[in-house]
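Here the structure is laid out as structure tokens; the discussion comes afterwards.
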Amino acid sequence: MSLLKRVLPHPWLSLSMLIGWQLLMNQVSAGSLIMGAILACLIPWMTNVFWPNPPRACRVDRLFLFVCRVLIDIVVANLQVAKLILGPRRELRPAFVLFPLTLEHEFSISVLASTISLTPGTVSADISADRKTLLIHGLDVGDEQALIEHIRRRYEQPLKEVFECSKR
Amino acid sequence: MLQTVIIFCLGIMSVALILTFVRLIKGPDLPDRILAMDTLYINGIAVIMLFGLYLDSNLFFEAALLIAVMGFVSTVAIAKHLMRGNIIE
Amino acid sequence: MSESSWVEWVIAALLLIGSLFALIGSIGLVKLPDFFMRLHGPTKATTLGVGALVVGSMLYFSQKSGEPSLHELLITLFLFLTAPVSAHMLAKAAMHEKLRREPRTRGEPWDQ
């Protein structure tokens, strides 16, 4: 276990680098697999110092569900934003909203912030110094409380289940 | 049929590029211009992909990927420069 | 209608949708009144637009060569990973510069 840990400090990162290399080569052959394996071992090992403690993803099946949901939301959100942009701009109601975070791990917070930036009319603008509040800018916010509830139910809860299940 | 559609799409993309260029010139502030540059390079990727389809060549993929990488790095570097006054801390 | 022409229709639709979304993103960039609202156009519409274009090109080359050509996915993946980061950096820079906001914006950004 400890030897494996030393050779592959970030197994998921190594796996995605191996897949990424195959995609870059646009084929799966013995040569590209070997080269990809070498790179997938070397690069995480060399950059080990820069990586923060990775969270333990304990519910990988939920993670897939979450990714699918976000992808669908991105498409729906884009239709909404397109409608907002093409519609009359006098009717837009922009707002800065404070979102109180319940996630604790830095990695899951950054995943949540990226998700917020990619989905309906919201961009995460800043995070407070104590990592407790997220500042969100919304393009057309009718009700701040409803937006916070929506994000909490739809994105934060699944992320909590995926990354922080051991703490509960 | 596909050739006609690709030329039509290239026309749409040219309009999009001109619009981003308008914002790039008008400003009014530096972050606006950076945002316009950001959009400009993403639209540039789209144009290159369309051109690759038009010429029926797979070679343009590397160019598009390189533009994506370089554009991201430069956007972050300039935004960081605005915030702190220096890029490498 | 043969099968290849069916695929061609799908590719054409994807290309059109992609470039229309990119156009909408640019329209948003020009039309919306303040910086924070302009930020929404490019980060979402343009990213999805290029995503659709890339999927169309992927389908085209897969159908042409007869074997899956997936490497264009890397561009989409990269754009989807980096768009939130650059949006975040730009928003922070704009708050640092204390850019003019639309007067009807509710809530306050923080001092940097």
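The values are calculated or read from the model by the stated rules, or taken from the named source; none is laboratory data. As the structure is a prediction and not an experimental result, all values here were calculated from the model. Ideal geometry is used to build each Cβ from the backbone, glycine not excepted, and the neighbour counts take in all protein chains shown. Please note that ligands, DNA and RNA were not included when accessible areas were found on the heavy atoms of the full protein model with its side chains. Shrake-Rupley method; radii C 1.70, N 1.55, O 1.52, S 1.80 Å.
Inspect the stretch B:24-38 for any residue being open to solvent by less than 80 Å² (accessible area, probe 1.4 Å), free of Cβ contacts under 8 Å to residues at least 40 places away in the same chain and of a type in the set (Val, Ile, Thr) and give the result as yes or no. The answer is no; no qualifying residue exists.
Screening the candidates A:Arg93, A:Arg89 for the property of being open to solvent by 50 Å² or more (accessible area, probe 1.4 Å), touching an Asp or Glu at 6+ places or on another chain (Cβ under 8 Å) and under 24 Å from C:Leu48 (Cα atoms) yields one hit, A:Arg93.
Within the stretch B:49-62, the set of residues being open to solvent by less than 40 Å² (accessible area, probe 1.4 Å) and either more than 8 Å from every other protein chain (Cβ to nearest Cβ) or in contact (Cβ under 8 Å) with a residue 24 or more places away in the chain (or both) comprises B:Leu50, B:Leu53, B:Ser57. Within the stretch B:63-89, the residues that satisfy the criterion of being of a type in the set (A, V, I, L, M, F, W, C) and in contact (Cβ under 8 Å) with a residue 40 or more places away in the chain are B:Ile78, B:Ala79, B:Leu82.
Yes/no per residue for (1) open to solvent by less than 20 Å² (accessible area, probe 1.4 Å); (2) away from chain C (no Cβ under 11 Å); (3) more than 14 Å from C:Ala91 (Cα to Cα); (4) touching a residue at least 40 places away in the same chain (Cβ under 8 Å):
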site: A:Gly121; (1), (2), (3), (4): yes, no, yes, yes
site: A:Asp130; (1), (2), (3), (4): no, yes, yes, no
site: A:Leu134; (1), (2), (3), (4): yes, no, no, no
site: A:Gly138; (1), (2), (3), (4): yes, no, no, yes
site: A:Gln145; (1), (2), (3), (4): no, yes, yes, no
site: A:Glu149; (1), (2), (3), (4): no, yes, yes, no
site: A:Tyr155; (1), (2), (3), (4): yes, yes, yes, yes
site: A:Leu159; (1), (2), (3), (4): yes, yes, yes, yes
site: A:Phe163; (1), (2), (3), (4): no, yes, yes, yes
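When B:Val69, B:Val76, B:Val15 are checked against the criterion of being surrounded by 16 or more Cβ atoms within 10 Å (Cβ to Cβ), among the β-branched types (Val, Ile, Thr) and farther than 21 Å from C:Ser65 by Cα, a single residue qualifies: B:Val76.
Residues in the stretch C:30-70 that are open to solvent by less than 30 Å² (accessible area, probe 1.4 Å), within 9 Å of chain A (Cβ to nearest Cβ) and closer than 18 Å to B:Leu30 by Cα: C:Leu32, C:Pro33, C:Asp34, C:Phe36, C:Met37, C:Leu39, C:His40, C:Gly41, C:Thr43.
Residue-level check: of (1) open to solvent by 90 Å² or more (accessible area, probe 1.4 Å); (2) within 21 Å of the chain's Cα centre (by Cα), A:Gln27 misses just (2). Candidates A:Phe107, A:Phe64: the one that is modelled with pLDDT of 80 or more and either within 26 Å of A:Ser128 (Cα to Cα) or within 14 Å of the chain's Cα centre (by Cα) (or both) is A:Phe64.
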